[in-house]
Amino acid sequence: MTSALPSAPAFGAALAIAPRPDVLDFLALRRSAPALTLTEPGPTASQLDDMLRIAARVPDHGKLAPWRFVVLAGDAKDVFAARLDAMAQGRGDAVLAAKLGKLKAPPLAVAVIASPKPGAIPEWEQVLSAGAVCAHLLQAALAMGFGANWITDWYSYDPEAVSLLGLAENERIAGFVMIGAAREAPLERERPAPATLVTHWTP
Ligand SMILES: Cc1cc2nc3c(=O)[nH]c(=O)nc-3n(C[C@H](O)[C@H](O)[C@H](O)COP(=O)(O)O)c2cc1C
């Protein structure tokens, strides 16, 4: 199957800046779908490739690509969830086990790994870029008509759980982007009024 995206521009190609009202409509109304409502079918391999291509096209100081993806799908995702389940059961922690529903329900989970590189670019900026990757992956999935949700939960922080993904010492999980068909339209949640967030600096 071929990509539904425009082909990747050649290095140095001029990319026109122009109004995109369709994009503004999308951004003004976009909404994550609760992970528990995500079901089959998930994206095809080609759709996933497109999403990851968009996700990797984020502002990235120094062109370091300080992030990477671990795709969890099908039987492999079931095994990953089962291992986390065994961990939770072994600790006798029903809350941890229950949280795994958000991982088990969606057909696809993409772990975005912040993988900062040594050098002049502050690690903080590299981690911010990993957050942007999560957001762009989320928006790409939504714009393709899938439900999606950016989840961390305990298995992004628990050392034993994190070890299942084979992270290097300096790497951290920026989030799991859960993706699938949304069984129902998500309801709008409360949003902050921008005016409450804004001050204007004066000298
Ligand atoms: C870094 C990060 C981690 C999150 N982790 C969780 C989580 O573990 N569980 C959860 O229910 N929501 C989590 N959320 C919230 C959802 O991703 C999402 O922001 C919320 O459902 C509202 O989504 P929307 O503004 O896209 O509609 C997290 C959000 C961020 C930014």
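The values are calculated or read from the model by the stated rules, or taken from the named source; none is laboratory data. The shown structure was predicted, so the numbers you read here are calculated from the model rather than taken from an experiment. Note that we place each Cβ from the backbone using ideal geometry, even for glycine, and neighbour counts take in every protein chain shown.
Pick from 181, 148, 174, 161: which is in contact (Cβ under 8 Å) with a residue 12 or more places away in the chain, surrounded by 12 or more Cβ atoms within 10 Å (Cβ to Cβ), among the aliphatic types (A, V, I, L, M) and in a helix (DSSP H, G or I)?
Among 181, 148, 174, 161, only 161 is in contact (Cβ under 8 Å) with a residue 12 or more places away in the chain, surrounded by 12 or more Cβ atoms within 10 Å (Cβ to Cβ), among the aliphatic types (A, V, I, L, M) and in a helix (DSSP H, G or I).
Can we say residue 142 is touching a residue at least 24 places away in the same chain (Cβ under 8 Å) and surrounded by 14 or more Cβ atoms within 10 Å (Cβ to Cβ)? Spell out the reasoning first.
Details: touching a residue at least 24 places away in the same chain (Cβ under 8 Å): yes; surrounded by 14 or more Cβ atoms within 10 Å (Cβ to Cβ): yes.
The answer is yes for residue 142.
Is region 146-161 home to any residue that is more than 11 Å from the chain's Cα centre (by Cα), on the phi > 0 side of the Ramachandran plot and within 9 Å of the ligand (Cβ to nearest atom)? Please lay out each step first, then the result.
So in region 146-161, the residues more than 11 Å from the chain's Cα centre (by Cα) come out as 146-147, 153-161.
Among the residues that remain, those that are also on the phi > 0 side of the Ramachandran plot are: 153.
Next, from what is left, pick out any that are within 9 Å of the ligand (Cβ to nearest atom): 153.
Scanning region 146-161, I find at least one residue that is more than 11 Å from the chain's Cα centre (by Cα), on the phi > 0 side of the Ramachandran plot and within 9 Å of the ligand (Cβ to nearest atom), so the answer is yes.
If only one of 32, 129, 46, 115 is in contact with a Phe, Trp or Tyr (Cβ under 6 Å, 6 or more places away or on another chain), modelled with pLDDT of 95 or more and of a type in the set (S, T, N, Q), which one is it? I'd like the intermediate steps shown before the answer.
On the way: 32 fails: in contact with a Phe, Trp or Tyr (Cβ under 6 Å, 6 or more places away or on another chain); 129 fails: in contact with a Phe, Trp or Tyr (Cβ under 6 Å, 6 or more places away or on another chain); 46 fails: in contact with a Phe, Trp or Tyr (Cβ under 6 Å, 6 or more places away or on another chain).
Of the residues listed, the single one that is in contact with a Phe, Trp or Tyr (Cβ under 6 Å, 6 or more places away or on another chain), modelled with pLDDT of 95 or more and of a type in the set (S, T, N, Q) is 115.
Looking only at region 101-125, how many residues end up being buried (at least 16 other Cβ atoms within 10 Å of the Cβ), touching a residue at least 40 places away in the same chain (Cβ under 8 Å) and either of a type in the set (Ser, Thr, Tyr) or under 18 Å from residue 156 (Cα atoms) (or both)?
Total satisfying the criteria: 13.
Quick check, is residue 85 charged (D, E, K, R) and under 19 Å from the mean Cα position of the chain (by Cα)? So that I can check it myself, show each step before the final result.
Values: charged (D, E, K, R): yes; under 19 Å from the mean Cα position of the chain (by Cα): no.
The answer is no for residue 85.
Restricting to region 92-136, name every residue that is closer than 20 Å to residue 169 by Cα, over 17 Å from the mean Cα position of the chain (by Cα) and not in a loop (DSSP other than H, G, I, E, B).
Within region 92-136, 123, 124, 125 qualify.
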